[in-house]
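A short write-up of the structure that comes next.
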Amino acid sequence: MTDSFLNSLFDLTGQVAVVTGGTGVLGGAMARGLARAGAKVAVLGRRRAAANAVVTQIEAAGGTALAAPADVLDRASLESARDAVIRAWGRLDILVNAAGGNVPEATVDPADSFFDVPADAFRSALDLNLTGTLLPSQVFGAEMAAHGSGSIVNISSMAAHRALTRVVAYSAAKAAVENFTRWLAVELAQKVGAGLRVNAIAPGFFIGEQNRRLLLNKDGSLTARGGTIIAHTPAGRFGEPDDLLGALLYLAGPASRFVTGTVLIVDGGVNAFSGI
């Protein structure tokens, strides 16, 4: 009986999930994890071939998925993806806003000056991370609001909590995502009901497509920046994509039915460590 109860808290059987950025390293892991928990998963990304590859992985493991190519900054493509999900499965229960990332031109490297950061590049980072969370929340969230239940999980970053050198625009954008998460949680709880929740996960340092060359040398050894990060991570390692799945399944499913407007940090202790 106990096992059945515990399993029910994290069982997503019959649920339908959409993962934006589902073709990335972290987004792909989250899409696969949701499918392993029983959800039917729509994989959203700009590249159809990459989305199909994640779908193939899910189906090979016995799960159910479909590729729904879309650009998170293009409402029309998001609406087309939503319509495809509804045609296939008739409902929508979970939205994971995993699309985002840094814009190289909006970083301040050691030889650069903040005063020279192009405003257009800064705005691009804000658009990718903040507007790229806003638009899917509107398009897919409206579907969940129509039946009064669901879970939106935004992906933030440790950069929203600590002042990290270089990533000025990315940090500001992710801080905005967290504020938006809290605002939307209150808005939907008051106007739709407690059944529609909004939370976020703030990952620490994980190796992805964008930051690999900054953190690891070609031989797999740590760069200077990578070494600094590990020195300030009490767990002593970078995160692995599957390290996010426990937090995701908790926030996406019934185990967190009275949790909304919160940010769950998954960082190996970085935020707790003073460096001393």
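Taking residues in the range 165-194 that are farther than 23 Å from G101 by Cβ and in the same structural domain as A119 (by TED's automatic domain parsing), and partners anywhere that are surrounded by fewer than 18 Cβ atoms within 10 Å (Cβ to Cβ) and among the basic types (K, R), the pairs with Cβ atoms closer than 9 Å and at least 6 places apart or on different chains are A194/R257.
Selection of the range 144-183 for residues being charged (D, E, K, R) and under 14 Å from the mean Cα position of the chain (by Cα) yields K174, E178.
Within the range 235-256, can one find any residue that is in contact with a strand residue (DSSP E or B) (Cβ under 8 Å, 6 or more places away or on another chain), of a type in the set (A, V, I, L, M, F, W, C) and surrounded by fewer than 16 Cβ atoms within 10 Å (Cβ to Cβ)? Within the range 235-256, not a single residue is in contact with a strand residue (DSSP E or B) (Cβ under 8 Å, 6 or more places away or on another chain), of a type in the set (A, V, I, L, M, F, W, C) and surrounded by fewer than 16 Cβ atoms within 10 Å (Cβ to Cβ).
Let me confirm something: among L215, L222, which residue is hydrophobic (A, V, I, L, M, F, W, C), touching a Gly at 6+ places or on another chain (Cβ under 6 Å), closer than 22 Å to V108 by Cβ and modelled with pLDDT under 95? Matching residue, one of L215, L222: L215.
Might you let me know whether the range 232-242 holds any residue that is touching a residue at least 60 places away in the same chain (Cβ under 8 Å), on the phi < 0 side of the Ramachandran plot, of a type outside the set (A, V, I, L, M, F, W, C) and out of contact with any Pro (no Cβ under 7 Å at 6 or more places or on another chain)?
At the first step, the residues of the range 232-242 found to be touching a residue at least 60 places away in the same chain (Cβ under 8 Å) are 241-242.
When the remaining residues are screened for being on the phi < 0 side of the Ramachandran plot, the result is 241-242.
Subsequent filtering for residues that are of a type outside the set (A, V, I, L, M, F, W, C) retains 241-242.
So of that shortlist, the ones also out of contact with any Pro (no Cβ under 7 Å at 6 or more places or on another chain) come out as 241-242.
Within the range 232-242, one or more residues are touching a residue at least 60 places away in the same chain (Cβ under 8 Å), on the phi < 0 side of the Ramachandran plot, of a type outside the set (A, V, I, L, M, F, W, C) and out of contact with any Pro (no Cβ under 7 Å at 6 or more places or on another chain).
Residues that are out of contact with any Ser or Thr (no Cβ under 9 Å at 6 or more places or on another chain) and assigned to a loop (DSSP other than H, G, I, E, B) were ranked within the range 137-160; the one that is surrounded by the most Cβ atoms within 10 Å (Cβ to Cβ) is S149.
Looking across the range 1-52 at every residue that is over 26 Å from G101 (Cβ atoms) and among the aliphatic types (A, V, I, L, M), the one that is surrounded by the most Cβ atoms within 10 Å (Cβ to Cβ) is identified as L12. Among the residues of the range 61-73, at least one is touching a residue at least 40 places away in the same chain (Cβ under 8 Å), surrounded by fewer than 23 Cβ atoms within 10 Å (Cβ to Cβ) and assigned by TED's automatic domain parsing to the domain that holds L249.
The residues listed here are G246, G227; of these, the one that is among the small types (G, A, S) and closer than 30 Å to A194 by Cβ is G246.
Among N52, N7, which is of a type in the set (S, T, N, Q) and within 23 Å of V198 (Cα to Cα)? Walk me through how you get there before you give the answer.
Working: N52 fails: within 23 Å of V198 (Cα to Cα).
Criteria check complete, one pass: N7.
Here the range 214-234 is the region considered, the condition is being loosely packed, with under 11 Cβ neighbours inside 10 Å and small (G, A, S), and the residue that is nearest to N271 (Cα to Cα) is A224. Give me a count of the residues in the range 169-179 that are over 23 Å from P241 (Cβ atoms) and crowded, with 19+ Cβ neighbours inside 10 Å. The number of residues fulfilling the criteria is 1.
Summed over the range 257-276, residues that are at positive phi and in contact with a strand residue (DSSP E or B) (Cβ under 6 Å, 6 or more places away or on another chain) total 0.
The values are calculated or read from the model by the stated rules, or taken from the named source; none is laboratory data. Keep in mind the model is a prediction, meaning the values are calculated, not measured. Counting neighbours? That spans all protein chains shown, and the Cβs are built from the backbone with ideal geometry, glycine included.
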